[in-house]
Structure formats: C-alpha cells, structure tokens
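Peer 1: Got a structure for you, questions after.
The values are calculated or read from the model by the stated rules, or taken from the named source; none is laboratory data. Note that the structure is a prediction, hence the values are computed from the model and not measured. Neighbour counts run over all protein chains shown; Cβ positions are idealised from the backbone, glycine included. Calculation scope for accessible area: heavy atoms of the full protein, side chains included, ligands and nucleic acids excluded. Shrake-Rupley method; radii C 1.70, N 1.55, O 1.52, S 1.80 Å.
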Amino acid sequence: MPSDSSSLQSSAVINEAVQTLRDGGLVAFPTETVYGLGADAKNPDAIKRIFTAKGRPSNHPLIVHLAASDKFDQAQVDWVPVLAPWVRDLSEDALKLINAFWPGPLTLVFKKDKSVLNELTGGQDTVAIRAPAHPIAQELLRKFKGGVVAPSANRFGKVSPTSAADVRSEFEGMLELMILDGGDCEVGIESTIIDLSSGDHPVLLRPGLITPGEILAKTGIQVYLPGEIDSVKQGGDMPRVSGSLRAHYAPTTPLRMYASGRVLDALSEFPDIKSRVAVAVWDSESSLGVDGHPSAHFEEVLVPSDSAAFASRLYRSLRDLDQQGWDLILFPEPPAGEEWDGVRDRLQRACFGSGPSSSSHANS
Ligand code: TXA
Ligand code: MG
C-alpha cells in the first residue's frame, strides 16, 4: 500500500470517524485487503446496524479488528495484552502465527472471552480477530482504543469493495455513511482465515494471499484443509462462514470461467447470447483470436498472470465489467497451485452467484 496513504485522510477526519464509532455509528475504512464497514465491537446496537446495512443474516459472525498501541515498532509489539480482552487462551501456535503475520491479511479464530458479544459471533463460542496493516485502519483503531467489527463494506453476496468509490456505490441512496478514503486496496481479496479454536489442528476456513505453504515455511505450523480433518470434527459444528456460501462475491452480469483455449465451450450454456462478451485473457498470452461464433462479439480484457497482481485487481475488474453492459463475462480458469486458491475460490463463487437473480442465490 502507498506509504503516504494516511495523508489521504487528515487527523481531523479520523477523529470524526472515531467519534462516529463512539456514538454507535458506522464508518467504512480501507484495509490492505478490502474496505470494511466498521462499528464498535462493544455496542450491540451498532453491530445490528451493520447487519441491517449489509442485508446480512444475523447469525453470520463478524471479524474484530484490533491494533497495537505502538505505531512505530510493529515487530516488537506484544499482542498478548491486546488480545486478552477478546480471547480465552492463546496457544503457542497462535503466538507464532501472530508474530509472523500481524499486522497483515490473516484472520485467526479463537475461543472467545465471555465478554465478547453474541451479536458479533452469531451466537458461537469463538471469535475471529485480525490486525490490519493499512495505515488508515491502524490510525482509526489506535485512536478508537478498542475493537472494531468490520465485514467487507458491500451488500450481502455482492463483490467486496476495493476503493472508497466502490463503497459509496454499494450504499448509494440507502445509507448516509462516513467513508475514509485510503486509495485502492493492495491485496484485493479478503484475508486468509485460520481456525485455531479446536486447540489441536489449525484449519483453513478461507484461502487468501497468505497460503498454508507460506505459513509452514515461516512458522513450521501445518494448516489443514477442512476436508483433511477427521469427519467427527466436521460433524454438526463447523463455524458458519458467509464467504463459504457457494454464491458470494457476485456480479449482476453472468460470469463463467473457461478452460485454456476453450472460450467457445463456455458459450454453449448460453445458446441465445446475442452480442457482447468480455473475455479476460492472461497478459502473458497473445490474443485468443476468438472468431467464428455466429452471434457473439468478443472483446478481450487483459488480466495479470501473476497471482498476487491478479487478486489485487480481481474485484476492480469484476465491478468495472459489470458496469459496462456486457451480456456475459468470461474469465480464464486459474492455474493449479495454492497461490491461486484465494482467487479461484472467489471466482467460483462469483460465477455461481452471478446473473440478474444472484441475490436470491446468495441468500439461499
Ligand atoms: O479481509 C477481511 O477479512 C475483510 C476486511 C474488511 O478486514 N473482512 C471480511 O469480513 O472479509 P466479512 O464479514 O466479509 O467476512 C468475514 C468472514 C465471514 O465469512 C465470517 O463468517 C467469518 O469471517 N467469521 C467471522 N467470525 C468467525 C468465527 N467465529 N468462526 C468462523 N468464521 C468466522
Ligand atoms: Mg464479505
């Protein structure tokens, strides 16, 4: 993220945002992943306002965002006292993960302290916590001196916002919202979520920029995929993760993925397609040269063939293409490899939920 991004918002504006949070209001703010819709994590009415604004079912838990008080020495931060009011116990693994990746795009799920409000955990006995790296998010949290719950600042089931303008357009005409502008989000997809609440095996709940491979390399900790943990554990009590619904992050225009070189196959599902199809093409490849389809007009849009760069622009591209009035949007299937898991996950859900009736899918 740009190192001078806090200069995009004066301290006076941040102070106003802090006051809004203290008064029980909502503030949208930038993080390095996506923009969040923030409220005081200790105020049940403010939390309810988030669910209403997003149109999100109230049993979907929220992430608590925290910052350490010392701005200048992040490497030396002692996170234990910062977490103590929220978390029942901190394992050695938890501390290793925190020290390796915070502040940054990693959310950890713990057994909650009893004081944590049920309104934010959806009634579960666990709490998700993250320490964002974006300087504006940090300044807001530091001045607020408390936890801020913040889901992505989009309507439920829609594409997460990666700029202040995206947030504005999500809530236009519905909600007067204070929005802190920190420019474009650098990571571009939501944080990786690891569940530490079972005490023995860390489990990946949502893939993101930080991968199990990177975690193993930096900390020696093995993160399991939900399917790898024995079925007894999965029984009835997996945590609810709205990002795990099949339809999520969805544009209104139909979106599909195509296998390498198989653009026309992707069209077979749409026999009546009349004209305009936007086809995303890896920037490492020369033109697809798609022609020979009687009724469709293709236009190519280049997308980065580096996974982090792709993630950083994914939601921006989906939003922009959604605005441009295409009949269909086609994206290339991401290659194999865990560094692509985060974007593959988001693209699959976006495809499933896309199209004019996406909201009924997303809420099902
Ligand atoms: O990058 C991010 O994490 C962004 C920025 C704003 O920080 N936030 C975000 O929040 O993506 P949201 O609410 O859109 O997604 C949070 C996910 C949800 O899928 C939720 O179900 C899951 O975290 N979650 C929250 N608390 C949980 C818990 N106690 N156990 C399991 N999953 C939890
Ligand atoms: Mg979200």
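Peer 1: Looking at the range 200-215, I want the residues that are free of Cβ contacts under 8 Å to residues at least 60 places away in the same chain and in a loop (DSSP other than H, G, I, E, B) and have a partner that is surrounded by fewer than 19 Cβ atoms within 10 Å (Cβ to Cβ) and of a type in the set (A, V, I, L, M) with Cβ atoms under 8 Å, at least 6 apart or on another chain. Which pairs are those?
Peer 2: Final answer for the pair search is 201/229.
Peer 1: Would you be able to say whether some residue in the range 168-182 is on the phi > 0 side of the Ramachandran plot and within 16 Å of ligand 2 (Cβ to nearest atom)?
Peer 2: No, every residue in the range 168-182 fails to be on the phi > 0 side of the Ramachandran plot and within 16 Å of ligand 2 (Cβ to nearest atom).
Peer 1: Okay, next question. If a residue must be closer than 17 Å to residue 314 by Cα and open to solvent by less than 30 Å² (accessible area, probe 1.4 Å), how many such residues does the range 180-205 contain?
Peer 2: 8
Peer 1: Would you say residue 150 is within 16 Å of ligand 2 (Cβ to nearest atom), touching a His at 6+ places or on another chain (Cβ under 8 Å), within 21 Å of residue 67 (Cα to Cα) and assigned by TED's automatic domain parsing to the domain that holds residue 90?
Peer 2: Yes.
Peer 1: Within the range 142-158, restricting attention to residues that are more than 11 Å from ligand 1 (Cβ to nearest atom) and in contact with a strand residue (DSSP E or B) (Cβ under 7 Å, 6 or more places away or on another chain), which residue is farthest from residue 343 (Cα to Cα)?
Peer 2: Selected residue: 146.
Peer 1: Out of the residues in the range 245-278 that are modelled with pLDDT of 90 or more and in a loop (DSSP other than H, G, I, E, B), state the one that is surrounded by the fewest Cβ atoms within 10 Å (Cβ to Cβ).
Peer 2: Going through the qualifying residues, I end up with 259.
Peer 1: Can you confirm whether residue 52 is touching a residue at least 24 places away in the same chain (Cβ under 8 Å) and either away from ligand 2 (no atom under 15 Å from the Cβ) or buried (at least 22 other Cβ atoms within 10 Å of the Cβ) (or both)?
Peer 2: Criteria not met by residue 52.
Peer 1: Quick one: in the range 104-132, which of the residues that are modelled with pLDDT of 95 or more and open to solvent by 30 Å² or more (accessible area, probe 1.4 Å) is nearest to ligand 2 (Cβ to nearest atom)?
Peer 2: Result: 119.
Peer 1: When the range 5-49 is examined, which residues are found to be small (Gly, Ala, Ser), within 16 Å of ligand 2 (Cβ to nearest atom) and closer than 22 Å to residue 86 by Cα?
Peer 2: 36, 38, 39
Peer 1: On to the next question. Out of curiosity, is residue 146 surrounded by fewer than 22 Cβ atoms within 10 Å (Cβ to Cβ), more than 22 Å from residue 99 (Cβ to Cβ) and at pLDDT below 95?
Peer 2: no
Peer 1: If residue 75 meets every condition in (1) over 17 Å from residue 195 (Cβ atoms); (2) open to solvent by less than 50 Å² (accessible area, probe 1.4 Å) apart from one, which number is that one?
Peer 2: Against the list (1) over 17 Å from residue 195 (Cβ atoms); (2) open to solvent by less than 50 Å² (accessible area, probe 1.4 Å), residue 75 comes up short only on (2).
Peer 1: For the structure I just gave you, tell me whether residue 189 is farther than 22 Å from residue 25 by Cβ and part of a strand (DSSP E or B).
Peer 2: Considered against the rule, which asks whether it is farther than 22 Å from residue 25 by Cβ and part of a strand (DSSP E or B), residue 189 comes out as no.
Peer 1: Considering only the range 16-33, I want to know if a residue exists there that is assigned to a strand (DSSP E or B) and more than 22 Å from residue 184 (Cα to Cα).
Peer 2: no
Peer 1: Another question, if that's okay. For the range 38-107, please list each of the helices (runs of 4 or more DSSP H) lying entirely inside it that holds at least 3 residues being of a type in the set (Lys, Arg).
Peer 2: So the answer is 44-54.
Peer 1: Okay, moving on. When the residues of the range 159-179 are narrowed to those that are part of a loop (DSSP other than H, G, I, E, B) and within 15 Å of ligand 1 (Cβ to nearest atom), which ends up nearest to residue 312 (Cα to Cα)?
Peer 2: Among those that are part of a loop (DSSP other than H, G, I, E, B) and within 15 Å of ligand 1 (Cβ to nearest atom), it is 162.
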